[in-house]
1. Order by neighbour count: L188, L103, L55, fewest other Cβ atoms within 10 Å first, most last.
2. List the residues, sorted by chain then number, that are 5 or more residues from G45 or on another chain and whose placed amide H is less than 5 Å from its amide H.
3. Hey, what did the chain get for relative contact order, percent, Cα under 8 Å, at least 6 apart?
4. Run lengths n ≥ 4 of DSSP H only: what is the helix-derived mean residue ellipticity at 222 nm for the chain, with -39500 (n - 2.57) per run over all residues, to the nearest 500?
5. Check cross-link reach from K246 to the aspartates and glutamates: straight Cα distance under 20 Å, and skip same-chain residues fewer than eight apart.
6. What list of ³J(HN,Hα) couplings, whole Hz, do you get for segment 72-86 from phi and the Karplus terms 6.51, -1.76, 1.60, once you set θ to phi - 60° and write x for glycine and proline?
7. Two-decimal Rg/Rh of segment 4-119 from alpha-carbon positions, Kirkwood Rh?
8. Along each of its three principal axes, how wide is the spread of alpha-carbon positions in the chain, in whole angstrom units, largest first?
Amino acid sequence: MDADKGEMAIQVRDLRVDYGNFIAVDDLRLEVPRGEVFGLVGPNGAGKTSTFRVLATLMEPTYGEVYLDGVDVLENVEEARRIVGYMPDLAPVPRDLRVREFLEFHAAAYGVSSSRSGRRERVAECLAEVALEDQAEAWCHRLSRGQTQRVVLAKTLLHRPRVMILDEPASGLDPLARRDLRNALRRLASAGTTVFVSSHILSELAEMCTSLCVMNRGRLLAAGTAEEVWQALGNGRRELKISFLKRAAEAVRWLGGRAGVEDIREADGGVTLGFSGTDDEQADLMEGLIREGFRMRAFEEKRSSFEEILVGVAESNRRDG
């Protein structure tokens, strides 16, 4: 095993998935360090589920390499399955079992313990991990959508996976249920589990994940922190609105010579402008205005939201497709 494989929980090299003539995943290269909550986001058809199914050993790619915690997924399927926990989108639960029975059944299937008492103990631990101890005796069909998602998450935890693959786990959840899920994932990551989670809602992942990546049409567009992804996909451009107490016309002339400033418009004693600099350069711009004696009543920033960025990606798909 190479040293770099040993340092990464997930490593994907030149991954390709074809369905006939359709390319679902196109030479994907990706690395996820241990203990991260790493997000994968993209519009429908981006290749998220195909990527996850390969990582979860549920399908073979056309070609490429995939390692989970240093284990070659394609060469050592059984070992990889002991490492990974996979939670598909809208995973079903049986109507005629109680939560505890459902989890004990899967604990036995996973070979969690040689004794029934050991399996019950592990089920109780997993229910506590997702804050559902009070629902152990509830019928599965009586659970809310958020509770059902957390039960499936508890099932995914039973065999203590070192890497968790969660496909759209927050889909359809209300704000309270999303908060509970977010807190559960953070606890898992702090304990050393690597969580790889997908969504088509970028802002949802931005507040849940330590880092994330964006896919479109099977290709990786950007990866890093939420800020780094925004800079890459939003072209780093934001809109600034500055209101002056006086000397607005002079301020416009001064701003016109500054790097990164474009499309200046005067309105109501202030200016609106486009700015393509970094956060540090924006701070320098503000300091420069103060140093030049321009008294500001307000300095506001408006940047493209994550949703607007993804809408732009999806619209480019329609135009190009």
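Any read-out appearing in this document is the output of simple, stated calculations on the displayed coordinates, not a laboratory observation. Quick caveat, the model's predicted, so the values are computed rather than measured. Every residue, glycine among them, receives a Cβ derived from its backbone with ideal geometry; neighbour counts consider all protein chains shown.
1. L188, L55, L103
2. When sequence neighbours closer than 5 places are left aside, there are no close amide H contacts.
3. About 19 percent, as a whole number.
4. Roughly -11500 deg cm²/dmol at 222 nm, from the helical runs in the chain.
5. Those aspartates and glutamates meeting the cut-off are E266, D268, E287, E292, E300.
6. For segment 72-86, the Karplus-derived couplings read 6, 5, 7, 8, 10, 4, 5, 5, 4, 5, 6, 8, 9, x, 10 Hz, x marking Gly and Pro.
7. Ratio value, two decimals: 1.03.
8. Ordered largest first, the chain gives principal extents of 80, 46, 39 Å.
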